[in-house]
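Visitor: One structure is given below, represented as structure tokens, and several questions about it will come after.
The values are calculated or read from the model by the stated rules, or taken from the named source; none is laboratory data. Bear in mind that the values here come from a model prediction, so they are computed numbers and not experimental data. With ideal geometry, Cβ positions are generated from the backbone for all residues, glycine too; neighbour counts draw on all protein chains shown. Calculation scope for accessible area: heavy atoms of the full protein, side chains included, ligands and nucleic acids excluded. Shrake-Rupley method; radii C 1.70, N 1.55, O 1.52, S 1.80 Å.
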Amino acid sequence: FAEDKATTWSGEGKCAKCALKKTDSCQMALVVKEGDKEVTHLVAQNDVSKGFHKNICSATAKVKLTGTIKEVDGKKEIVASKIEKAG
């Protein structure tokens, strides 16, 4: 069983509740371009994502996120180890 390799994504950080209306409580989501479409990934609640959430709850922000992907209830979530504003 190999450990998931950390990956870095660049995209728009948004609040899954306030901006996207996808969750019942505030949670970070990352919207990335994959080819010619936008794909939204939820970011798992941990100290890193909760600490950064104030930057994206009331407005979207370009971000660079490093983490791994895990499956939760049949859906993929990113477990962030580092999040920073991009550009």
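Visitor: Take the residues of the stretch 7-20 that are in contact with a strand residue (DSSP E or B) (Cβ under 6 Å, 6 or more places away or on another chain) and open to solvent by 60 Å² or more (accessible area, probe 1.4 Å): which is farthest from residue 85 (Cα to Cα)?
Guide: Checking each candidate, the answer is 8.
Visitor: Any residue at all in the stretch 52-67 that's in a strand (DSSP E or B), open to solvent by less than 40 Å² (accessible area, probe 1.4 Å) and of a type in the set (Ser, Thr, Tyr)?
Guide: Step one: of the stretch 52-67, the residues in a strand (DSSP E or B) are 61-67.
Still in the list and also open to solvent by less than 40 Å² (accessible area, probe 1.4 Å): 61, 63, 65-67.
Retained after the next criterion (residues that are of a type in the set (Ser, Thr, Tyr)): 66.
Among the residues of the stretch 52-67, at least one is in a strand (DSSP E or B), open to solvent by less than 40 Å² (accessible area, probe 1.4 Å) and of a type in the set (Ser, Thr, Tyr), which makes the answer yes.
Visitor: Within the stretch 9-42, take every residue that is out of contact with any Leu (no Cβ under 7 Å at 6 or more places or on another chain) and β-branched (Val, Ile, Thr) and give me the one that is farthest from residue 55 (Cα to Cα). Please lay out each step first, then the result.
Guide: Here is the first cut: in the stretch 9-42, the residues out of contact with any Leu (no Cβ under 7 Å at 6 or more places or on another chain) are 10, 12, 15, 17-26, 28, 31-39, 42.
Imposing the further condition that a residue be β-branched (Val, Ile, Thr) reduces the set to 23, 31-32, 39.
Values: 23: 18, 31: 15, 32: 17, 39: 20 Å.
Among those residues, the one meeting the criterion is 39.
Visitor: Return only the number of the condition from (1) touching a residue at least 24 places away in the same chain (Cβ under 8 Å); (2) open to solvent by 60 Å² or more (accessible area, probe 1.4 Å); (3) of a type outside the set (D, E, K, R) that residue 25 does not satisfy.
Guide: Of everything listed in (1) touching a residue at least 24 places away in the same chain (Cβ under 8 Å); (2) open to solvent by 60 Å² or more (accessible area, probe 1.4 Å); (3) of a type outside the set (D, E, K, R), residue 25 misses just condition (1).
Visitor: Another one. Take the residues of the stretch 68-83 that are of a type in the set (A, V, I, L, M) and open to solvent by less than 50 Å² (accessible area, probe 1.4 Å): which is modelled with the lowest pLDDT?
Guide: 72
Visitor: Between residues in the stretch 60-82 that are over 18 Å from residue 47 (Cα atoms) and residues that are at pLDDT 90 or above and basic (Lys, Arg), which pairs lie under 8 Å by C-beta distance while being six or more apart or on different chains?
Guide: Between residues of the stretch 60-82 that are over 18 Å from residue 47 (Cα atoms) and residues that are at pLDDT 90 or above and basic (Lys, Arg), the close pairs are 60/14; 61/85; 62/85.
Visitor: Please specify each residue of the stretch 30-44 satisfying the condition of being open to solvent by 90 Å² or more (accessible area, probe 1.4 Å) and in contact with a strand residue (DSSP E or B) (Cβ under 9 Å, 6 or more places away or on another chain).
Guide: 33, 38, listed by residue number.
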